[in-house]
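In what follows, a structure is listed as structure tokens, so that the remarks can point back to it.
Read-outs: derived from the displayed coordinates by stated rules, not from any lab. Everything numeric in this text was worked out from a predicted model, so none of it was measured. Cβ sites come from the backbone with ideal geometry, for glycine too, and all protein chains shown count toward neighbours.
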Amino acid sequence: MSADRTPVTGPFRISVDATPTGATLDMTHYLSTFVLALAQAADEDGQSVLDDLQHIAELDRSARHQGIDSHATHERDERVSDLLDELVDGGSVPVYGVQVLRLAEALRVVAAPKAVPSQREAGAA
């Protein structure tokens, strides 16, 4: 991974890639931390973690049926937030110091308008 592709190197690596319509942020390092924390919690008290996840799944099914402002939606969101608080400091990804500027610059670069080649420049007859 080059420094320009990975402007944030810690505590969680964040890479930036251009797409035809914007950008992708590769948060694999952070998500791996979450999965490992979830696995550790399951190893310590698997039944409780499974019960929590099953309850969240039930709430999600109800929320999809009842709508965005339902009790199930609010309870699901609260339970997910509680789980994130417990496992990964609430789900916020910290970015420190000069890495903030490097991330902003990487996003600026991929967001900059790009010239679209004419058909002749692109090799058309």
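So here's what we get for this one:
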{"read-out": "Sorted peptide list for 12-18, 88-94, criterion being average Cβ within 10 angstrom, highest first", "value": "12-18, 88-94"}
{"read-out": "Dipole moment magnitude, nearest 20 debye, the chain about Cα centre, only Lys, Arg, Asp, Glu C-beta charged", "value": "1080 debye"}
{"read-out": "Cα-based helix-to-principal-axis angle, 71-88 vs the chain, degrees rounded to 10", "value": "80 degrees"}
{"read-out": "From the coordinates shown, Kirkwood radius over Cα pairs in Å corresponds to which of (i) 17.9; (ii) 17.1; (iii) 14.4", "value": "(i)"}
{"read-out": "Amide H partners (placed H, <5 Å) of D26, local residues excluded", "value": "S15, V16, D17"}
{"read-out": "Largest-first principal axis extents, alpha carbons of region 44-92, Å", "value": "34, 26, 11"}
{"read-out": "Expected 222 nm ellipticity per residue - DSSP helices of 4 or more, -39500 (n - 2.57), all of the chain, to 500", "value": "-20000 deg cm²/dmol"}
